[in-house]
Amino acid sequence: MTEKELKKLNRYQLLELLLAQTQRADQLQMLLEQKEKQLTEYEIRISSLGSIAEASLELSGVFQAAQQAADLYLAEAKKRAEEIIRQAETPCPKDEEQV
């Protein structure tokens, strides 16, 4: 609406126009508040995803350390088992004398 058209309006019409603009401003303010709330929730989700990713990496490190410990334990157990088998297969000097 041009300035010339506004000057031709009477008080009632101006008040109606002002009321419509006020209602529109209120609607836009509510929409802005909703979008700000959604943005905040989105930012929280993104930050928690970062936390989940970091936790996953940390757990991955824990699992790697546990796997290394398990591998080391298994290797030592195999060595010990081989030693026991070797000892069992080696004849004792007493056994050779009795034969």
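What follows is calculated from the coordinates using simple rules that are stated; it is not laboratory data. Because the structure is predicted, anything quoted here is derived from the model rather than measured. All Cβ positions, even for glycine, are placed from backbone atoms using ideal geometry, and neighbour counts span all protein chains on display.
Paramagnetic label reach from Leu59 (point 7 Å along Cα→Cβ; backbone nitrogen cut-off under 19 Å): within segment 15-51, residues 45-51.
One decimal place: the segment Thr2-Glu36 gains 8.9 nm when fully extended, by the rule 0.36 nm per residue minus the C-alpha distance. The angle between the Cα long axis of helix 11-89 and the main principal axis of the chain comes to about 0°, on a 0 to 90 degree scale.
Send over the Kirkwood Rh of the chain, from the inverse of the averaged 1/r over different Cα pairs, rounded to one decimal Å. Provide the component values of the computation, followed by the final result.
On the way: mean 1/r = 0.0447 Å⁻¹.
Taking the inverse mean of 1/r over all distinct Cα pairs, the chain comes out at 22.4 Å.
At a Förster distance of 35 Å, what's the computed FRET efficiency of Asp71 paired with Ser47, Cβ-Cβ distance as r, to 0.05? Walk me through the numbers on the way to the answer.
On the way: r = 36 Å, r/R0 = 1.04.
Taking R0 as 35 Å, the efficiency between Asp71 and Ser47 is 0.45.
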